[in-house]
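The values are calculated or read from the model by the stated rules, or taken from the named source; none is laboratory data. Since the model is a prediction, treat every value here as computed from it, not as a measurement. Methodologically, a virtual Cβ is constructed for each residue, glycine included, from the backbone with ideal geometry; neighbour enumeration extends over all protein chains shown.
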Amino acid sequence: MASSFRCLIFLLFSLCFLFFISESQTTFKPTKLVLTVQKDRATNLHVANIQKRTPPLKLPFVIDLNGRFLWVNCENQYSSSTYNAPLCHSTQCSKADSHYCHKCPTTARPGCHNNTCGLMAVNPVTNQAAMGELAQDALLLPSTQGFNPGPMVRIPQFLFSCAPSRLLQKGFPKNVQGVVGLGHAPISLPVQLASHFGFQQKFAMCLASSGGNNGVIFFGQGPYFMLPGIDVSRPVSYTPLTISQQGEYYIDVKSIKINNKIVPLNSSLLTPTKRGLGRVKISTTTPYTILEHSIYYSLSKVFVDQLKGVPQVKPVTPFGTCFDSKRIGNTKMGPSVPNVDLVMQNVVWRIYGSNSMVQARPDVMCLGFVDGGVRPRDSIVIGAMQLEDNLLQFDIGSSRANALLTFGLTILALMCAMASISDNLNHPSPTAQVQVLNINWFQKQPNGNDELTTIFAMLSNLLKRDTFHFNSFQVFNVRTYGLVMVFVLMASMTLNISADLQSLFTWNTKQVFVFLAAEYETTKNSWNQISLWDGIIPSKEHAKFWIHTSNKYRFIDQGTNLRGKEFNLTLHWHVMPKTGKMFANKLIMSGYRLPEEYR
């Protein structure tokens, strides 16, 4: 009976919760939405997790700036109660610019119906294409409200393509299920979001340069206020943006300079086409900037001339110009190399060392530009590496002729703003567990004279990990005053410490200080804290760990207060950012007790 009652309460609570979620998704009208983006280290592509279907399922998608729509693999157990495939010649097909009637010879399933609209999906890395089925289903995205994250919002009939799984077989990160297109096309993600929620056709993008950190894409009108009060959408400079018939984004580059020295170029390679289209495309699916052969030759020659005193070494594919990195210094903007300037109308896009140099191998650093051969389709394709850690705003509006590319902030101001973006969008969920395996000894020790005792930390397991850094000893004093003897209670324990602190790391995290403390109350002090173990975690890769050790610092109390004493073990952490303020938090673990008698 009690079990049935609990089930009923749970059911009622669930229904209320679902009602609340449903209400928040249908009545709330956002002005801006946000996606967090991660860089895949193996492919250098940028991936976002998006919730689709009913019930919602989070799926990873490659970000394609020039993609015409979102497509997803529907052959891998696609299950949704809200899936719909519009029929041929329907309004949805016209909106998607689909004029092909799709037929499927096998049993009907998502992605395979007769007399539905066909839509050609493309893998932007391999350029492989395959016919998919135009479909509708629910899509959910998080909103943002000024300084704070907003509720999830739902687009119930989002148009996309159900594509065959073979498009995922080459060039993509593991587990990716499709591509999300941000191009200027009728059913691309930014265009559908603007149409559904009634906000402007604008989006802003800042891709992270590190695989362990997050980038961000905003959809909708600004301002994008982030702590500490920086409006990251505030324009500093802008340049006209031209859009191809396929919805791809181009800019008009007038010239290229390296350390203010003009790179000699064939001007016709940068002259806009007869249709007014620029010759320089922006791409998120091209890892490194690709240059027409003569442009690459001239740029690399001037770059080598300007990087005096650094010897060249054998190139590492796909790069053609590489150097001995031991001879290259470092600055706040990355490797100390000549700046590369793309000179455009109203703005100069300066590419610093952090965006121009690639550590291809140990002691080998390469210029992150690739020779694209003769007569490529585009004279220059600006790749993802050169876009990273820069805030770019695309104001695509309703007119292709009036589109703008805005550079929101200088790189230093952007770094400060992105620190706040990371803190705002990142909701860490660290976990920790500590097992006290044994109380090795528990003693009451008198002292007659001033005594200085040094305790060496026995941390053999940890010290083998050269990426961790620990203090090696703890010093404490035991004193007597006149004839009064001071006793010190000391305890040593064997511990298993396990923790997963990876969620604390964003692109802006430099390192994390962590320490384990015993905390308890006594009649003399309402709160006592004794540090038992500490360390420095330098990267996300080392933030998930298991340690078998004794307490690094002795468990000490000035008196006789610890026999049979209950205490908490608390894992504290302090996150040191690359820029911005340090913040701290903790996990409290209770239920520990010392013995009633000394050992």
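Within region 283-295, residues that are in contact (Cβ under 8 Å) with a residue 24 or more places away in the chain have Cβ atoms under 8 Å from residues that are β-branched (Val, Ile, Thr) and in a loop (DSSP other than H, G, I, E, B) in these pairs: Thr285/Val125; Pro287/Thr43; Glu292/Val374; His293/Val374; Ser294/Val374; Ile295/Val263, counting only partners at least 6 apart in sequence or on another chain. Restricting attention to region 518-529, which residues are surrounded by fewer than 17 Cβ atoms within 10 Å (Cβ to Cβ) and either of a type outside the set (D, E, K, R) or touching a Gly at 6+ places or on another chain (Cβ under 9 Å) (or both)? Once the filter is applied, which keeps residues that are surrounded by fewer than 17 Cβ atoms within 10 Å (Cβ to Cβ) and either of a type outside the set (D, E, K, R) or touching a Gly at 6+ places or on another chain (Cβ under 9 Å) (or both), region 518-529 yields Thr522, Thr523, Lys524, Asn525, Ser526, Trp527, Gln529.
Considering only residues that are β-branched (Val, Ile, Thr) and either crowded, with 20+ Cβ neighbours inside 10 Å or not assigned by TED's automatic domain parsing to the domain that holds Lys257 (or both), which ones fall in region 344-357? Matches in region 344-357: Ile351 only. Across region 409-431, a minimum of one residue is classified as modelled with pLDDT of 70 or more and assigned to a strand (DSSP E or B). The residue list Pro235, Pro264 contains one member that is at pLDDT 90 or above, over 23 Å from Arg68 (Cβ atoms) and either among the hydrophobic types (A, V, I, L, M, F, W, C) or surrounded by fewer than 22 Cβ atoms within 10 Å (Cβ to Cβ) (or both), which is Pro264.
Restricting attention to region 42-80, the residues being under 19 Å from Ile382 (Cα atoms), assigned to a loop (DSSP other than H, G, I, E, B) and of a type outside the set (Ser, Thr, Tyr) number 6. For region 149-179, name all the residues that are part of a strand (DSSP E or B) and in contact with a helix residue (DSSP H, G or I) (Cβ under 7 Å, 6 or more places away or on another chain). Matches in region 149-179: Pro149, Pro151, Met152, Val153, Arg154, Ile155, Phe158, Leu159. Filtering region 319-335 to residues that are within 26 Å of the chain's Cα centre (by Cα) and surrounded by fewer than 14 Cβ atoms within 10 Å (Cβ to Cβ) leaves Asn330, Thr331, Lys332. Selection of region 552-569 for residues being modelled with pLDDT of 70 or more, part of a loop (DSSP other than H, G, I, E, B) and under 16 Å from Ser590 (Cα atoms) yields Gly564, Lys565.
Just one residue in the set Arg361, Arg350, Arg377 is of a type in the set (Lys, Arg) and closer than 30 Å to Ile187 by Cβ; that residue is Arg377. In summary, Cys206 fulfils each of the numbered conditions (1) in contact (Cβ under 8 Å) with a residue 60 or more places away in the chain; (2) out of contact with any Leu (no Cβ under 6 Å at 6 or more places or on another chain); (3) surrounded by 22 or more Cβ atoms within 10 Å (Cβ to Cβ) with the single exception of condition (2).
Answer yes or no as to whether Leu342 is in contact with a Phe, Trp or Tyr (Cβ under 7 Å, 6 or more places away or on another chain) and not in a strand (DSSP E or B). Judged against the criteria, Leu342 is not a match. Looking at (1) surrounded by fewer than 17 Cβ atoms within 10 Å (Cβ to Cβ); (2) in contact with a Phe, Trp or Tyr (Cβ under 9 Å, 6 or more places away or on another chain); (3) closer than 29 Å to His99 by Cβ; (4) of a type outside the set (Phe, Trp, Tyr), which one does Gly146 not meet, given that it meets all the others? Condition (3) is where Gly146 drops out. Within region 256-267, identify whether any single residue is in the same structural domain as Met357 (by TED's automatic domain parsing), part of a helix (DSSP H, G or I), more than 27 Å from Lys39 (Cα to Cα) and not β-branched (Val, Ile, Thr), and answer yes or no. Looking through region 256-267, at least one residue is in the same structural domain as Met357 (by TED's automatic domain parsing), part of a helix (DSSP H, G or I), more than 27 Å from Lys39 (Cα to Cα) and not β-branched (Val, Ile, Thr). Only one of the numbered conditions (1) touching a helix residue (DSSP H, G or I) at 6+ places or on another chain (Cβ under 8 Å); (2) modelled with pLDDT under 95 is violated by Gly211, and that is (1). Number of residues in region 123-144 that are touching a residue at least 60 places away in the same chain (Cβ under 8 Å), within 28 Å of Gly220 (Cα to Cα) and either aromatic (Phe, Trp, Tyr) or assigned to a strand (DSSP E or B) (or both): the value is 9. Within region 171-193, no residue that is closer than 22 Å to Ala403 by Cβ and surrounded by 24 or more Cβ atoms within 10 Å (Cβ to Cβ) sits with its Cβ atom under 6 Å from a residue that is modelled with pLDDT under 95 and of a type in the set (Ser, Thr, Tyr) at 6+ positions apart or across chains. Scoring Lys301 on the criteria (1) surrounded by fewer than 14 Cβ atoms within 10 Å (Cβ to Cβ); (2) free of Cβ contacts under 8 Å to residues at least 40 places away in the same chain leaves a single failure, condition (1). Across region 288-298, the number of residues qualifying as surrounded by fewer than 21 Cβ atoms within 10 Å (Cβ to Cβ) and of a type outside the set (Phe, Trp, Tyr) comes to 3. If you check Ser98, Ser81 for being surrounded by fewer than 19 Cβ atoms within 10 Å (Cβ to Cβ) and over 30 Å from Lys39 (Cα atoms), only one passes: Ser81.
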